[in-house]
Amino acid sequence: FHGSSLCVDRVPSEYVRLLEAGDFASLPPEDLRHLRERGHLTRLAPAREREAFRRRVRRLLDAEGPLRHQSFRATLTFVLSYRCNLACGYCYQQDLPDRTGGPGLTGKLVDTFLSRHLPGLFPRVPRKKLLFMLFGGEPFLPANREAIERIVAYARKHSITISSATNATTVEAMADLIGPGKIANVQVTLDGDAAHHDLRRVPSSGKPTFEAMIAAVHRLV
């Protein structure tokens, strides 16, 4: 055990209404199975469920305590949105934008979260030991720019490192936000050689992406 990743899922609004009402009869079996597997449906009453969640988080934090050392970092992942400009056949997130609905992470929500909630999340971790991770979907979609700008501004002010995972096809749109003191680390995944990659990483246009991604990697370097 070397750490923990705690996530708060976005749940479609119609699910929320059913969860609050306790009325699950109208949900298809596959949706019920998904909600159970993700932990949204349990046999606990709401108050007991919240308490069980708090106990689990406390156990994880207590287990991490003895492992803290000079190089320890806490990571906070921002899911900018589930939207992507590729339509890879193996991607499990393809239907999430339609199912979750609503906008992605807005600049206003980022500001509210960073000012109101972040200080209490990692009370024992200095800001310079925090790592912000940008994730998606595809984080570098132009629609995410405002939220990323707010994250970069906060990180620069508090000496926080930012990393991002990206398919690199839209790097140019964010080039001015990438570099020392901004988004310092970028992870790009290739799916194999050009022929294999172009079969798997497919944009809506259907055009090959391998050479464009290679060029983007050189641009990042």
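The values are calculated or read from the model by the stated rules, or taken from the named source; none is laboratory data. Remember, it's a predicted structure, so these values are computed and weren't measured experimentally. Cβ coordinates were reconstructed from backbone atoms using ideal geometry, including for glycine residues, and neighbour counts include every protein chain displayed. What goes into the accessible areas is simple: the full protein's heavy atoms, side chains included, and nothing from ligands, DNA or RNA. Shrake-Rupley method; radii C 1.70, N 1.55, O 1.52, S 1.80 Å.
Let a ≥ b ≥ c be the square roots of the eigenvalues of the Cα gyration tensor of the stretch 18-58; is it rounded (a/c under 1.5), or, if not, prolate (a/b larger than b/c) or oblate?
On the way: a/c = 3.94, a/b = 1.81, b/c = 2.17.
It is oblate, given that a/c is not under 1.5 and a/b is not larger than b/c.
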Counting lysine pairs in the stretch 113-217 that sit 8 or more positions apart or on different chains, with Cα atoms under 29 Å apart, gives 5
Toy charge model, Lys and Arg Cβ at +1, Asp and Glu Cβ at -1: the stretch 118-207 dipole around Cα centroid in debye, rounded to 20, equals 640 debye
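Report the convex hull volume per residue for the chain, counting only C-alpha atoms, in Å³. Can you show the working numbers first?
Working: hull volume 36.2 nm³, N = 221.
Hull volume over Cα atoms, normalised by residue count, gives 164 Å³.
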The rounded separation in angstrom of the Cα centers of the stretch 161-175 and the stretch 111-135 is 21 Å
A 1.4 Å probe over the protein heavy atoms gives the chain a carbon and sulfur accessible-area percentage of 55 percent
